[in-house]
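The structure appears right after this line, and notes come after that.
The values are calculated or read from the model by the stated rules, or taken from the named source; none is laboratory data. The structure presented is a predicted model; accordingly, all values stated were derived computationally and were not measured. Glycine gets a Cβ as well: all are built from the backbone with ideal geometry, and neighbour counts include every protein chain shown. Only protein heavy atoms, including side chains, enter the accessible area calculation; ligands, DNA and RNA are left aside. Shrake-Rupley method; radii C 1.70, N 1.55, O 1.52, S 1.80 Å.
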Amino acid sequence: MKKGIHPENYRLVVFKDMSNDEVFLCKSTAETKDTIEFEGQEYPLIKMEISSTSHPFYTGKVKLVDTAGRVDKFMNKYKKFAK
């Protein structure tokens, strides 16, 4: 490996999937201000919208994610064309 291009500040970080509250612990250099108690210890927390525990490709389940009411806006906009 090349010297001087890899980060040195790896630490244990908890990642939390906000859609299903799954958490997992791994090493990361990601910066965060949030913390969480996990298995009796305090760790930095990274919040994620989606992970392998909730992504349709891995779960086989289709899930509608509506952010900021986009689906409602679309339905209201084209409601007049419905038969």
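Just one of 20, 9 is modelled with pLDDT of 85 or more, surrounded by 12 or more Cβ atoms within 10 Å (Cβ to Cβ), not in a strand (DSSP E or B) and not hydrophobic (A, V, I, L, M, F, W, C); which is it? Result: 20 is the single residue among 20, 9 that is modelled with pLDDT of 85 or more, surrounded by 12 or more Cβ atoms within 10 Å (Cβ to Cβ), not in a strand (DSSP E or B) and not hydrophobic (A, V, I, L, M, F, W, C). The single condition among (1) among the β-branched types (Val, Ile, Thr); (2) modelled with pLDDT of 80 or more; (3) touching a helix residue (DSSP H, G or I) at 6+ places or on another chain (Cβ under 6 Å) that residue 14 does not satisfy is (3). The set of residues in region 31-69 being modelled with pLDDT of 85 or more, within 15 Å of residue 20 (Cβ to Cβ) and open to solvent by less than 80 Å² (accessible area, probe 1.4 Å) consists of 48 alone.
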